Amino acid sequence: MFPRLISFISVLAAVLILAAWTNDANALDNGGGSSVNVNGSDSPACNFDFCVSANRSTANTTRSSTGSSSSGCRWHDQQVPCRGPAGSFDSASGCYARVVDPAAVPAGPVLASYKRAGGSVQYLSGCLSNRSGGYVWRPPAKPAVTAAMVRARAVRMIPPAALGLAPKRSTLVNIETVMWVEAPDAQTLPTVRILGQQVAIRLSFAHVYYDFGDGQHADGPAGKRYDEQAAPCRTRLCPDYYGHVYTHTGRVTVRATAYWAATFTVDGGHTQQIPGTVPGPQATATLEVKQARSVLTANPNS
């Protein structure tokens, strides 16, 4: 007697729940439902997308009433169907949400917000939380600021990095000419607006591309400024400095481009990386390469 009664009660409860969900869906299709946004919350949930927990289990797959298969969503550590008769589950509100035609939305703050700023209107129902559902306005999603957009802007904003040479205007073959670039280890560019959003760009020094003007080039460090007083170089090569040895005479133009690793944030959000490196302005310097010859002369005192 009792087992049959318990089974009958369980079946009856399942039928009542299904009927409630179906009524919510039918009310939505007929433009019914609450005309107010419960709790006064018009804020978007999960960046205006339906929220699915990162802890979803591929092993626990549920099949919605529409017949489509989807991984289970989470609500308070409980697995729930990601879709139901009332729409897709929104874990921010604990309700099922469906986008509706604004023409079916009653006059009020939700409809006024939609007419003023666009976006979309959703109807929340089948709530697992203490929320009773209703219409909510979702602002239009902001256009995405991409790394390519930020890179293009950064290239135009990076300040010049001066190129230094020692000797400065003329040097000799077969000895090292010291070179350096005045580049800080890191710098922050002025905040810019891209697609109406505040973008902050942070640079970290990566390397310098040197074109020595004699057909040779190399990626190298920024080097350091030559200091005749504290660290003079008296040998053919200068191990404390970065530089290049010319083997032919003539006028050369040395070119140096500092490259930077770059990150950025949009409206104070999470930090994003710009792939590769970003070049700064090219610095140049002209150098005359000469050859020193020994000349024997008679001793004037002899």
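Residues that are in contact with a strand residue (DSSP E or B) (Cβ under 8 Å, 6 or more places away or on another chain), modelled with pLDDT of 95 or more and closer than 22 Å to Val289 by Cα are absent from segment 185-208 altogether.
Inclusion of Arg116 among residues that are in the same structural domain as Val80 (by TED's automatic domain parsing), of a type in the set (D, E, K, R) and part of a helix (DSSP H, G or I) is warranted. Residues in segment 177-197 that are more than 14 Å from Ile158 (Cα to Cα) and loosely packed, with under 14 Cβ neighbours inside 10 Å: Arg193, Leu195, Gly196.
State whether one or more residues within segment 220-236 are farther than 30 Å from Pro143 by Cα and part of a strand (DSSP E or B). The answer is yes; a qualifying residue exists. Total residues in segment 216-227 satisfying the condition of being surrounded by fewer than 17 Cβ atoms within 10 Å (Cβ to Cβ) and either without any contact (Cβ under 8 Å) to a residue 40 or more places away in the chain or hydroxyl-bearing (Ser, Thr, Tyr) (or both): the figure is 6.
The residue that is surrounded by the most Cβ atoms within 10 Å (Cβ to Cβ), among those in segment 133-151 that are among the aliphatic types (A, V, I, L, M) and touching a Phe, Trp or Tyr at 6+ places or on another chain (Cβ under 7 Å), is Val150.
The residue of segment 102-119 that is surrounded by the fewest Cβ atoms within 10 Å (Cβ to Cβ), among those that are closer than 11 Å to Arg138 by Cα and among the hydrophobic types (A, V, I, L, M, F, W, C), is Ala117.
Looking at Gly213, Gly280, just one residue is among the small types (Gly, Ala, Ser), surrounded by 13 or more Cβ atoms within 10 Å (Cβ to Cβ) and either without any contact (Cβ under 8 Å) to a residue 24 or more places away in the chain or farther than 30 Å from Ile194 by Cβ (or both), and that residue is Gly213.
Going by what's in this entry, would Ala154 be described as out of contact with any Cys (no Cβ under 9 Å at 6 or more places or on another chain), loosely packed, with under 15 Cβ neighbours inside 10 Å and either assigned by TED's automatic domain parsing to the domain that holds Gln198 or over 19 Å from Thr257 (Cα atoms) (or both)?
The answer is no for Ala154.
The values are calculated or read from the model by the stated rules, or taken from the named source; none is laboratory data. These numbers come from a predicted model, not from an experiment. Virtual Cβ from ideal backbone geometry, glycine too; neighbours counted across all protein chains shown.
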